[in-house]
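> Submitted below is the structure of interest, expressed as structure tokens.
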């Protein structure tokens, strides 16, 4: 018995002695693990290239959880503007690849830092599983972040369309607008989004509606079937939306022109004006000419009671004037339009014709007597373009002095943006036109 008690006492003493040993062993192992992680993170951002390279190589042997923790730590360093090892942290994130998904929220917040945004965008662009978080980030109020996210999503192409369209359901106005913008950046690749963008145009009255229309314009031909159908819609607002989208396509597709010419006679003033704008955009920006029968359609609009319709008809007529005597005569007659803006437009169109517009010189010289400074300046500019020798005439030279020229410049973006520099050469220090000796 005595021996048994002694053995029992020794066992209790032995067991009691094991508990501190086990506790400290576990604590030591945990400390080693922590130090190992800390050391691993330090090696990833070490100034020694060989140390970094070895650590980057070891990343591939880590388990998924450890790689995720490493990614979070590297993202924290990348977001610290005061850190001197941000580039090394970004190197590690790129090496971590798909494991960097754990750090996506942190990385998105770094996109507003210009110094690293390009590299962060590249990392995020490779993370396909990050799509939901990137789409959600489009409602961020920081423009730098949302713009960078839009570029990342747009670079992925058509495969992003389903996620973007799905996010429109129940989205707030800012998110709707930014999604519409992103679909616009995708261009024709976003053709599957046409129905969703059409719904957005019909249902929204804010910025999202505007950007949805612009997106349809960027998508281009895939949206044309809806646009042509919308031009026949009973609701004038829908017809106006369609005409507006077409005017923003630069140029509208050729197959829409006959419908747009017909829409210029719409009962709605807004539809008529927007359709005329679209035809004018086509005339100015398309490599394909307007149908020859367009002249007969357009001529009556030069006498329209709506000043804006006359303006559109004048700007379009310039496309025909070089080869059609009827169009040229109508354009020359527009120099006497009751509205000064329209007379300026007529002079600008005649100027584009150059020497072939010589028969318009009498009408242009008569316009130099206008009470409107811009009309005089544009008429003089057209005159010296058609016949350079006439710049020595007093009335022409007077109309191109500094004050008149500055007035002309203010209207330049609406008439002929490329003429901005034409008015500046050959002037003295005071800004007056130099006369030939």
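The values are calculated or read from the model by the stated rules, or taken from the named source; none is laboratory data. These numbers come from a predicted model, not from an experiment. Reconstructed Cβ throughout: ideal geometry from the backbone, glycine too, with neighbour counts over all protein chains shown.
> When residues of segment 127-153 are filtered for being surrounded by 13 or more Cβ atoms within 10 Å (Cβ to Cβ) and not in a helix (DSSP H, G or I), how many remain?
3
> Residues to consider are 409, 418, 390, 381; find the one that is modelled with pLDDT of 90 or more and either closer than 28 Å to residue 325 by Cβ or surrounded by fewer than 21 Cβ atoms within 10 Å (Cβ to Cβ) (or both).
Among 409, 418, 390, 381, only 390 is modelled with pLDDT of 90 or more and either closer than 28 Å to residue 325 by Cβ or surrounded by fewer than 21 Cβ atoms within 10 Å (Cβ to Cβ) (or both).
> Does any residue of segment 166-177 turn out to be over 28 Å from residue 69 (Cβ atoms) and within 15 Å of the chain's Cα centre (by Cα)?
yes
> With the checklist (1) over 22 Å from residue 196 (Cβ atoms); (2) surrounded by fewer than 20 Cβ atoms within 10 Å (Cβ to Cβ) in hand, flag the one item residue 156 doesn't pass.
(1)
> Restricting the first residue to segment 80-104 and requiring it to be touching a residue at least 12 places away in the same chain (Cβ under 8 Å), which pairs with a second residue that is surrounded by 18 or more Cβ atoms within 10 Å (Cβ to Cβ) and not in a helix (DSSP H, G or I) meet a Cβ separation below 7 Å and a spacing of at least six or different chains?
85/45; 88/45; 89/45; 98/127; 100/127; 101/127; 104/127
> I would also like to ask the following. Which residue, of 191, 202, is in contact with a helix residue (DSSP H, G or I) (Cβ under 9 Å, 6 or more places away or on another chain), more than 14 Å from residue 139 (Cα to Cα), surrounded by fewer than 19 Cβ atoms within 10 Å (Cβ to Cβ) and at pLDDT below 85?
202
> Looking only at segment 218-231, decide whether some residue is closer than 28 Å to residue 300 by Cα, free of Cβ contacts under 8 Å to residues at least 40 places away in the same chain and surrounded by fewer than 15 Cβ atoms within 10 Å (Cβ to Cβ).
Yes, because at least one residue in segment 218-231 is closer than 28 Å to residue 300 by Cα, free of Cβ contacts under 8 Å to residues at least 40 places away in the same chain and surrounded by fewer than 15 Cβ atoms within 10 Å (Cβ to Cβ).
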